[in-house]
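Worksheet for the structure shown next.
The values are calculated or read from the model by the stated rules, or taken from the named source; none is laboratory data. All values derive from a computational prediction rather than experimental measurement. Glycine gets a Cβ as well: all are built from the backbone with ideal geometry, and neighbour counts include every protein chain shown.
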Amino acid sequence: MEPCPRRSCPRRWRRLWRRRWALAAGLLGAALALFACLRQPQPRRVPTTGRAGDEVTVLLWWEPFGRPRRLTDCRRRYNVSGCRLSADRGRLGEARAVLFHHRDLALHGAQGLPRGPPPRPQRQLWVWMNFESPSHSPGLQGLGGVFNWTMSYRRDSDVFVPYGYLHALPQPRPFALPRKTRLVAWVISNWNEEHARVRYYRQLKEHLAIDVYGAQGLALVEGSVVKTVSAYKFYLAFENSQHTDYITEKLWRNAFAASAVPVVLGPRRANYERFIPANSFIHVDDFPSPRLLATYLKFLDKNKPSYRRYFAWRNKYEVHVTSFWDEHYCKVCEAVRTAGNQVKTVRNLASWFES
């Protein structure tokens, strides 16, 4: 209905129109408010593992290598709250995640896995945990469809826990290089003539003096690796096998933490460069032969500016060496609390890990 001009309308009609317009205006205002509300971006729903403040129980089915140890307080040590770590199998029913260490799984076999009754809780996550390379991980076949998550040194694990990593410093700071009095060190506990690292060492030592500690060499006081290696300019960070992302404490602790330039034998150079600066290490693949590598190390020994370039990154980064096993357990707990309720199954464990 069209409104009439105010002066030509009787008073009662003007009152009627005013009431109708007030009603119409109210309805229009409510409609606009509803429309505006619907147009507002809705808050993203964050999946949770339970009510705020609830604790998540992470159960160790086997303590690694059968060695009981005191479990850490994740909140105090890693600022990860709401975590309860336990090795008590009586808590299986309440556990949100159960960790299975592969070496112990290989020892006990699949028959050592939990079996009902009661049945496995629907939302319980079984996590396969392994930090050995595929070459030293027997019994991978037949584990497809058993686990929900993987945790390993591989970047494409569901829970990625490397042996170490670099984190950027808040601001650059000078790096003081320890005094170096020796040339090349190598610490090895598992000596195997079939390993590529032993074969390469035998060729390299023909052209260069190398101090070997451990299985076939000098005695090494337990816990003194970093202190011992810090006197050397170079460290042979040779892995026991060559696989994707398999870069162990031989680089992070034995070389980097000791401020020695790592000479690496492991995955390809490009794989190392996914984790560390290109100018922080020397790869054996950079040289056509062990003889030419030895020649280069001797050159660096006499050329201080060229040697110090391998420490340029130290002004910007700090080395973190992962703590076994506390850090791993707390990482799983943190991942569980942020993952929500989705549960997947690892169908091709062996083919993935061996790739």
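Determine if the stretch 147-158 includes at least one residue that is on the phi > 0 side of the Ramachandran plot, outside any strand (DSSP E or B) and in the same structural domain as Lys331 (by TED's automatic domain parsing). Looking for residues that are on the phi > 0 side of the Ramachandran plot, outside any strand (DSSP E or B) and in the same structural domain as Lys331 (by TED's automatic domain parsing), one finds none in the stretch 147-158, hence no. Being outside the structural domain of Leu300 (by TED's automatic domain parsing), surrounded by 12 or more Cβ atoms within 10 Å (Cβ to Cβ) and touching a Lys or Arg at 6+ places or on another chain (Cβ under 6 Å) is a property that Gly144 has. Among the residues of the stretch 331-351, just one is farther than 17 Å from Gln124 by Cα and buried (at least 17 other Cβ atoms within 10 Å of the Cβ), namely Leu349. Are any of the residues in the stretch 320-329 touching a strand residue (DSSP E or B) at 6+ places or on another chain (Cβ under 8 Å), under 20 Å from Ala278 (Cα atoms) and in contact (Cβ under 8 Å) with a residue 24 or more places away in the chain? Yes, the conditions are met somewhere in the stretch 320-329. Each residue in the stretch 272-311 was checked for being part of a helix (DSSP H, G or I), within 15 Å of Ala257 (Cα to Cα) and not aromatic (Phe, Trp, Tyr), and 1 of them qualify. Scanning for something in a helix (DSSP H, G or I) and over 30 Å from Glu94 (Cα atoms), does the stretch 325-336 turn up at least one residue? No, the conditions are met nowhere in the stretch 325-336.
Of the residues making up the stretch 231-264, those that are farther than 16 Å from Leu208 by Cα and of a type in the set (Ser, Thr, Tyr) are Ser241, Thr244, Tyr246, Thr248, Ser259.
Annotation note: Cβ proximity below 6 Å between a residue of the stretch 191-205 that is over 11 Å from Val284 (Cβ atoms) and a residue that is among the aliphatic types (A, V, I, L, M) and surrounded by fewer than 16 Cβ atoms within 10 Å (Cβ to Cβ) (sequence gap 6+ or interchain) occurs for Trp191/Ala215. For residues that are among the small types (Gly, Ala, Ser) and surrounded by fewer than 17 Cβ atoms within 10 Å (Cβ to Cβ), scanning just the stretch 210-230, find the one that is farthest from Lys298 (Cα to Cα). Among those that are among the small types (Gly, Ala, Ser) and surrounded by fewer than 17 Cβ atoms within 10 Å (Cβ to Cβ), it is Gly223. Would you call Gly266 of a type in the set (Gly, Ala, Ser), assigned by TED's automatic domain parsing to the domain that holds Phe311 and modelled with pLDDT under 95? Considered against the rule, which asks whether it is of a type in the set (Gly, Ala, Ser), assigned by TED's automatic domain parsing to the domain that holds Phe311 and modelled with pLDDT under 95, Gly266 comes out as no.
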